[in-house]
Amino acid sequence: MEQPDSIFWIVARLLGSLALLIYGMKKMSETLQKMAGPQLRQVLGKMTTNRFTGMLTGVVVTAAVQSSTATTVMTVSFVNAGLLTLAQAISVIMGANIGTTLTAWIMSAGFAFSITNLVWPGFLIAIVLIYRKKHEDTGDFIFGLAFLFLGLGTLKAMGEAMHLGEQPAVLNFFASFDPSSFSTTLLFLLIGGILTMSVQSSAAVMAITMILCSSGALPVYQGIALVMGENIGTTVTSNLAALTASTQARRAAFAHMLFNVFGVCWVLILFRPFIDMVCSLAGFDVSLTRENSTQEAFLANAAKLSVVLALFHTCFNIINTSILIWFIPQIEKIVCRVIRSGKKAGDAEEDEGVVKLEYIAGGLVQTPEIALIQAQKEIAHFGSRLDRMFGMVRSLADETNEEAFNKTFSRIEKYEGITDNMEMEIAKYLEEVGKEHLSDESKATIRSMMRQISEMESIGDACFNMGRIILRRFQSGKTFTDTLTENSHKMFDLTDKAIKQMCSIVNEEDEEPSPQETYRIEKEINALRDKLKSDNINAINDHQYDYGLGTMYGDLVKECEKLGDYVVNVVQAKCGK
């Protein structure tokens with residue numbers, strides 16, 4: 001039987017401690033976003049009037065939700081929606097880099113003080129609050145915080161128990177690298193980046209770095225190089241994830257990488273002087289080595305390195321932002337030049353008949369509350385496609401050239417398939433979001449969105465049915481009389497008005513959407529339907545045109561009225577009726 005101090009158990013405890021740390025951070029971030037998600041979205045939308053307020057907004061939001069990724073995703077969603085320019089988004093991302101330094105300070109506190117004893121009362125308070133439904137969110141936050149501190153405390157205890165700073169094998173390994181060599185700095189920078197990409201968590205790599213440094217095993221300069229690598233590694237991960245995302249998402253991710261790469265470059269140029277300055281601010285003596293001091297003095301000095309790493313992380317991002325905030329227009333030009341817009345989605349759809357979601361098909365990691373922004377924008381995009389599809393139906397009704405007619409009908413047919421696929425893709429996405437820990441408001445929003453996309457798909461079916469009715473009339477060689485053409489145009493005008501009103505509501509153009517205008521248009525459609533139906537019966541009886549033509553005309557009017565009903569259902573779902 002293996003002993004508790006075997007390599008297996010040491011590695012298991014280290015990995016388990018990191019798992020606790022990562023889970024605690026994730027739990028805290030998700031709960032904070034759940035508690036303040038709508039308010040944070042309003043802050044992002046209203047407080048980015050210039051580059052400086054945008055930067056401060058990024059700092060505040062990221063410090064609040066403890067996730068620069070969440071802030072970046074929110075920002076990109078606003079850029080896609082046209083609520084923020086790319087330049088404003090870059091300023092917010094710069095602020096997010098400063099806000100995320102709070103995480104390093106939390107970890108530093110965990111290594112500097114004995115906080116494990118505070119964890120157990122935290123778990124007790126959290127579980128009591130969780131079972132009291134009214135304070136469940138607060139309990140979840142404390143639960144995540146307790147897990148975070150437990151992970152930090154366990155990591156610290158493991159580092160002390162392993163005596164890393166006294167292990168010959170560990171010391172010899174790090175001593176084999178020349179601390180004054182530039183290649184050593186680059187190597188550790190690369191290691192930090194690779195580790196961050198591998199574990200998908202810069203916080204975990206930061207914790208490992210703090211253990212090694214504060215135990216006296218890892219020299220400060222190599223530790224700083226690892227932190228620099230973490231900064232680049234986390235942006236590489238975002239850029240890889242954004243490869244399948246929209247153009248603006250890729251540009252924002254690339255701007256984030258440019259920001260950190262530039263920072264690493266100037267730090268490498270001023271490496272020693274800058275690190276020495278940070279160490280002096282933290283009270284760390286860089287001249288104190290294992291050889292020229294006692295073991296106790298060396299380890300006491302090394303214990304300050306967790307503060308040094310957190311301070312370096314903060315200074316790095318603040319100075320970097322202070323420099324680059326003046327060059328945001330130039331950064332925007334660079335990322336737009338490097339990442340160019342491809343072929344428009346609409347063109348690809350018409351050529352291939354395939355669906356490409358604009359806002360929720362990307363690979364950027366998203367958090368549940370924020371993901372609802374993407375879904376709502378995709379639904380608005382769904383509405384604009386339906387508006388375009390109905391425009392094709394109107395064009396088809398007036399087309400007389402056979403080749404042009406067949407081409408337009410083929411486009412309508414492809415769009416019918418696109419609407420079916422859009423409903424399925426958005427529903428699948430919402431189902432995944434719904435599996436997460438959501439507020440009651442967000443759960444209600446998901447139910448509303450599900451109903452919206454179901455009714456929107458029915459609008460696509462109605463448009464396709466109209467296209468088939470017009471095709472049947474075209475193939476029969478019959479044409480509407482001037483009166484029928486004029487009346488069908490009146491019905492088309494009202495239907496088009498209803499669709500556009502629906503689009504304005506699902507696109508959230510009004511802060512407090514009301515279904516009243518939609519109801520009014522629906523009444524006009526019903527009234528016109530009744531009149532045209534009566535007139536059609538009378539005209540057929542008077543032999544003004546044959547029964548077959550009258551039937552096709554009546555079916556067209558009926559489909560327009562059904563489409564109007566679907567529009568009402570969408571608007572009611574959006575307005576919570």
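Each reported figure results from applying straightforward, stated rules to the coordinates on display, with no laboratory input. A quick note: this is a predicted structure, and the numbers were derived from the prediction, not measured. When we count neighbours, we look across all protein chains shown, and the Cβ atoms used for this are built from the backbone with ideal geometry, even at glycine.
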**Request:** Bin all alpha-carbon pair distances of the range 515-567 at 5 Å intervals from 0 and give each bin's fraction as a whole percent.
**Result:** 4, 21, 26, 19, 14, 9, 5, 2, 0
**Inter-probe distance in nm under a simple model that places probes 7 Å from Cα toward Cβ, at Thr400 and Ala12** = 8.5 nm
**Request:** Could you work out the local net charge near Phe149, counting Lys and Arg as +1, Asp and Glu as -1, over the other residues with Cβ closer than 13 Å to its Cβ?
**Result:** +2
**Prompt:** How large is the convex hull of the Cα atoms of the range 414-480 per residue, expressed in Å³ as a whole number?
**Reply:** 62 Å³
**Request:** Take each of the peptides 256-268, 121-133, average the number of other beta-carbon atoms within 10 Å over its residues, and list them starting from the highest.
**Result:** 256-268, 121-133
**Taking the convex hull of Cα positions in the range 390-445, its mean projected area over all directions (nm²)** = 4.9 nm²
**Complete:** The correct pair for the range 400-531, radius of gyration to one decimal and Dmax as a whole number, both in Å and from Cα atoms, is 18.6, 59
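For the range 238-334, which GluC sites (Glu not before Pro) pass both filters: DSSP loop (anything but H, G, I, E, B) and at most 13 other C-beta atoms within 10 Å?
Details: sites: Glu291, Glu296, Glu332; in loops: Glu291.
Those satisfying the criteria are Glu291.
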**Fill in**
Computed over the range 202-272, the Cα gyration tensor eigenvalues, each multiplied by 5 and square-rooted, give semi-axes in Å (largest first) of 28, 15, 5
**Message:** Starting from the Kirkwood Rh over alpha-carbon pairs, what translational D in µm² s⁻¹ does the range 479-547 have by Stokes-Einstein at 10 °C and 1.306 mPa s?
**Reply:** 115 µm²/s
**Message:** Cα atoms only: what Rg and Dmax, in Å, come out for the range 455-570?
**Reply:** 15.4, 52
**Fill in**
Within the under-14-Å Cβ sphere about Thr235, not counting Thr235, Lys/Arg +1 and Asp/Glu -1 give a net charge of +1
**Prompt:** Remind me, what semi-axes does the range 362-464 give for its equivalent ellipsoid, largest first in whole Å, using sqrt of 5 times each Cα gyration tensor eigenvalue?
**Reply:** 34, 12, 10
**P(r) weight above 15 Å for the range 254-338, C-alpha pairs, percent** = 65 percent
